[in-house]
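Participant: Here it is, the structure, as structure tokens.
The values are calculated or read from the model by the stated rules, or taken from the named source; none is laboratory data. Bear in mind the structure is a predicted one, so any value in this text is a computation, not a measurement. Cβ: placed from backbone, ideal geometry, glycine included. Neighbour counts: every protein chain shown. Only protein heavy atoms, including side chains, enter the accessible area calculation; ligands, DNA and RNA are left aside. Shrake-Rupley method; radii C 1.70, N 1.55, O 1.52, S 1.80 Å.
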Amino acid sequence: METIPELKLVTKDMKLFGDKRKCEVIHEVPALLFSTGGYTGNLYHEFNDGLIPLYITSKRFNKKVVFVIAEYHKWWEMKYGDVLSQLSDYSLIDFNKDKRTHCFKEAIVGLRIHGELTVDPSQMQDDGTTINEFRNVLDRAYRPRINRLDRLEEQRFHARLAQRRKAKRPKLALFSRTGSRGITNEDLMVKMAQRIGFDIEVLRPDRTTELAKIYRVLNSSKVMVGVHGAAMTHFLFMKPGSIFIQIIPLGTDWAAETYYGEPAKKLGLDYNGYKILPRESSLYEKYDKDDPILKDPNSITKKGWQFTKGIYLNDQKVRLDLHRFKKLLIDAYAKSIR
């Protein structure tokens, strides 16, 4: 929060509104001022601290609102421009660089948040909006781009697409990680899932990956699988009724359920948390089998975030017990072909 400056609010006589000597730009709709600083750059925080609260706060204006942004980042506008266009009909204002005097009859400073990646219908000012309506916003934002991608792919790979459609294999989207919390036997897991009957699409997004392309994959997938981390925020792109399998490394139980498991259920997903056993963690080879790091992760995470981050987030990989995990995939396959 230290990167987000405080704003000093000063009242002005409303008689000045419309006075061209005082107002260089006059707006007939309200201003909504917020920051894209803080933890922006992390997908989870971009949605949890930014886009969803922005939707919650701005929805009642029905796009008749001007977004005024402190700590403005051009890349953020480019990344989420399609979504922003669904929330406001007006151009963004860079609070720090735009030196003109803008006059508004009304301004809202700061955003409302209802919890982790969610919209609480009881706190909305209209007809009980839920997180599903936010997902509809994403669908409207990305649908034109998805349609163009579909047409382009159909032209280039018509035969392959026709073969896929004929096979009717349910699609499983796998978020692949390298480094910390990566799956060391991922290739074997992918082959196993293919033998079960899934059509696998492995996703390795980075900051430059177009969100519409990720949305397109997940919107057409029956199952999403990934290890706990910011990329799990993409469950918001899944259709209600789809299956979300989150692989939960040691020491991440609370965060995995709080940040992604419970919100996914609220969206209407069939959520399954796969808690790895100590022997499925790379930490099993580094520590004595009776070490609290393996036997009692809660006693370690209670010491604070730095312990959790240093041991369980930054220094742990996963080697799945494929026999255990297979049962979860078989169950997901049976549900996905009903």
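Participant: Taking the options Lys335, Lys309, Lys327, name whichever one is part of a helix (DSSP H, G or I), of a type outside the set (A, V, I, L, M), in contact (Cβ under 8 Å) with a residue 40 or more places away in the chain and open to solvent by 40 Å² or more (accessible area, probe 1.4 Å).
Facilitator: Lys335
Participant: Further question: So which of Leu84, Leu16, Leu9, Leu51 is at pLDDT 95 or above and in contact with a strand residue (DSSP E or B) (Cβ under 8 Å, 6 or more places away or on another chain)?
Facilitator: Going through Leu84, Leu16, Leu9, Leu51 in turn, just one is at pLDDT 95 or above and in contact with a strand residue (DSSP E or B) (Cβ under 8 Å, 6 or more places away or on another chain): Leu84.
Participant: Okay, next question. Say we look at segment 194-246 and pick out the residues that are more than 16 Å from the chain's Cα centre (by Cα) and basic (Lys, Arg); which of these is farthest from Ile52 (Cα to Cα)?
Facilitator: Across segment 194-246, the extreme among qualifying residues is Arg195.
Participant: Let me ask you something else. For residues that are touching a Lys or Arg at 6+ places or on another chain (Cβ under 9 Å) and hydroxyl-bearing (Ser, Thr, Tyr), scanning just segment 51-84, find the one that is farthest from Pro5 (Cα to Cα).
Facilitator: Only one residue fits best here, namely Thr57.
Participant: Is at least one residue of segment 284-301 at pLDDT 95 or above, part of a helix (DSSP H, G or I), open to solvent by less than 40 Å² (accessible area, probe 1.4 Å) and within 30 Å of Phe198 (Cβ to Cβ)?
Facilitator: Looking through segment 284-301, none of the residues is at pLDDT 95 or above, part of a helix (DSSP H, G or I), open to solvent by less than 40 Å² (accessible area, probe 1.4 Å) and within 30 Å of Phe198 (Cβ to Cβ).
Participant: While we're looking at this one, here's another question. In this structure, does Arg151 turn out to be open to solvent by 80 Å² or more (accessible area, probe 1.4 Å) and either of a type outside the set (Ser, Thr, Tyr) or under 23 Å from Phe235 (Cβ atoms) (or both)?
Facilitator: So Arg151 passes the test.
Participant: Has segment 34-41 got any residue that is surrounded by 16 or more Cβ atoms within 10 Å (Cβ to Cβ), in contact (Cβ under 8 Å) with a residue 24 or more places away in the chain and in a strand (DSSP E or B)?
Facilitator: yes
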